[in-house]
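Single-structure report; data block below.
The values are calculated or read from the model by the stated rules, or taken from the named source; none is laboratory data. Fair warning: this is a prediction, and the values are worked out from it, not measured in the lab. Using ideal geometry, Cβ is built from the backbone for each residue, glycine included, and neighbour counts are taken over all protein chains shown. Areas reflect the complete protein model, heavy atoms only, side chains present, ligands, DNA and RNA absent. Shrake-Rupley method; radii C 1.70, N 1.55, O 1.52, S 1.80 Å.
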Amino acid sequence: MHLPASSLELELHRLPLEPASLLRRGGVQAQSQAQPLQGLAHPHASALKTRTQCPACLSASLSVVYEEPYTGKGMQAYLARHYEGHAGAAADGGVYALARCNKCSLVFQRQVPEGALLEEIYNSWVPGTELEREHRNYSLDEYRYLAEQVQFIIQHFGLAPGELDALDFGFGWAHWSKMAMGFGCNVWGVELSEERARHGRSAGLRVVGLGDLPARRFRFINTEQVFEHLTEPRLVLEKLRDALSGDGIIKISVPNAVGALKKINEGKNFGALSVNDQMPIAPLEHINAFSHASLVAFGKEFGLKPLRPSLYRLFNSASGLMQPKNLARVIARPFYRHVFPRTTFVYFVRG
Ligand SMILES: [Zn+2]
């Protein structure tokens, strides 16, 4: 299948803005108090495209979770703060509308930016790359966590690291890629922001386009903070699945929106949410708001199922265990992530 290059290209500009957080946790399952969608008025929204089907499973059976015009007080306050005064008025004719898919339970923004507005948001609204670099200053614990993930993957396949081909999709500032290369893996990357792609090349990454991926090649595909941004996530996951080896693993890690959606379902306005709760459902950017269940359902659409790794392997790839804080984290994470999973970090394998 051929991807619509223009929209995908724009989508890929927005890849990881948040540092990989050690603290992202699952919350309680959101209650569905949604009302049926019929009869909903859609004000003029020329700069925004309306998604009428679930972007994950294509179901047209949707319920309204939340609606607020972009001219609303809470939205305007969010836009002013989040974009540090750089937000234009292009979205003002539209509505921040969260819909819930009645089939796969994904919550998503129905009205999403496209074309010129998408470009405007990522080129003019989002504060500059200098600031972003600042944010990307990883701590020791964050690098250690990346190292844990890379060791886990190498150990899983039982191959020499040099025999392992990995793909970092939307590699951003190449933190994961550089770690995997440090462990001896062969790493390819897709990243359409030219500045970041240059950075990746200078670090030794083999930078390619999504359309150029070899079939069934990669033992591991890393996607960190990518799928929450994509207008058409199915097009991307299908391509990545096709590039995965028969025994390969694809990691999808996205913000967990369960906590934020629970508060929205309890009647809170978007503007009344904390900054941390606004993040997973950020207007115009985090347009797909996953829970563990909806992420697993999305993988299933493409014949993927969660890998349930052994605790031994998960613990064995962890380091820094002598510090009590790390020890507690390292012991707890395999349970909440893989044994009784609630998180939106899933290793998928072919079903
Ligand atoms: Zn769905």
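Here the simple spin-label model places points 7 Å from the Cα toward Cβ, and for TYR83 and PHE340 these points are separated by 4.3 nm. A Förster distance of 35 Å, applied to the separation of the beta-carbon atoms of GLU114 and SER245, puts the FRET efficiency at 0.55.
Ranked from largest to smallest solvent-accessible area, with a 1.4 Å probe on the protein heavy atoms, LEU314, LEU192 come out as LEU192, LEU314. One chain, two ends: GLU142 and ALA160. Fully extended at 0.36 nm per residue, the span grows by 4.0 nm beyond their Cα-Cα distance.
Under the simplified labelling scheme, the THR50-THR71 pair shows an inter-label distance of 1.8 nm, with each label point 7 Å from Cα along Cα→Cβ. A Förster distance of 22 Å, applied to the separation of the beta-carbon atoms of GLU195 and LEU307, puts the FRET efficiency at 0.05. Taking the Cβ of PRO334 as the center, what net charge do the other residues with Cβ under 12 Å away carry, scoring Lys and Arg +1 and Asp and Glu -1? Result for the local shell: +4. Applying 1/(1 + (r/R0)^6) with R0 = 25 Å to the Cβ-Cβ distance of LEU58 and ARG350 gives a FRET efficiency near 0.75.
Among the protein heavy atoms, those of TYR143 account for about 90 Å² of accessible surface (1.4 Å probe, every chain in place).
When the listed pairs LYS103/LYS268; LYS178/LYS239; LYS263/LYS325; LYS239/LYS305 are checked against a 21 Å cut-off, the alpha-carbon distance exceeds it for LYS103/LYS268; LYS178/LYS239; LYS263/LYS325. Taking LYS251 as the anchor, which aspartates and glutamates have their alpha carbon closer than 16 Å to its alpha carbon, excluding any fewer than eight residues away along the same chain? In chain and number order, the partners are GLU148, ASP165, ASP168, GLU224, GLU228, GLU238, ASP242, GLU301.
With 0.36 nm allotted per residue and the present C-alpha distance subtracted, the GLU238-LYS325 stretch has 27.4 nm of extension available.
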